[in-house]
1. Leaving out same-chain residues fewer than 8 places away, which lysines sit with a Cα under 26 Å from that of residue 18?
2. Apply 1/(1 + (r/R0)^6) to the Cβ-Cβ distance of residue 145 and residue 74, taking R0 = 35 Å, and write down the FRET efficiency to the nearest 0.05.
Amino acid sequence: MITIASSSPLDQLLERVKVCVPRLTKGKKAVLSALLTADKPLTAHEIYALVGMESTSAENTSAQKEDNKTSIDLVTIYRNLEHFEKLNFVVKTEHSNGGWRYSLTEKPHSHTITCTQCGKSMSMGACIMADVEKIIAERTGFVNIHHIVNFTGACPKCQHLSHS
């Protein structure tokens, strides 16, 4: 009996991307990996911080760590994100602070809430707007309806600090 090893979610994603992007560089793979493992949409700067830390472990020497880091600059990350967005692998959403956040289109759509005082952002889980989009489609006849919703407030830590 032959058993086929199941591939990781990253390998599966890379196989789908390779159809449209035959030349998948280490940098492109690193960007996709960062988005795949993120629990919330990321800014390009957050991706940049994660990509430089990939493949480093306590067991590696400092020379090995340098060899394992993915060498990619911020401009290239933006370029890759734009390219992936055009191919519909990445979705770009406006953040409440005016910046942009990126996530994989195949991940379930969700929203984040951002503290207006410290900027902390956290996921609110799955989006509850799908029902609203269906109602809008029924009432208007529109299709492929999308939405942008920004939630802001004061996080528990900042609430505590303002009452001290």
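No value in this document is a laboratory result; all are computed from the given coordinates. Since the structure is predicted, the reported quantities are computational estimates derived from the model, not experimental observations. No Cβ is skipped: glycine too gets one built from the backbone with ideal geometry, and neighbour counts run over all protein chains shown.
1. Those lysines meeting the cut-off are 26, 28, 29, 40, 69, 86, 92, 107.
2. On the way: r = 33 Å, r/R0 = 0.94.
So, using R0 = 35 Å, E works out to roughly 0.60.
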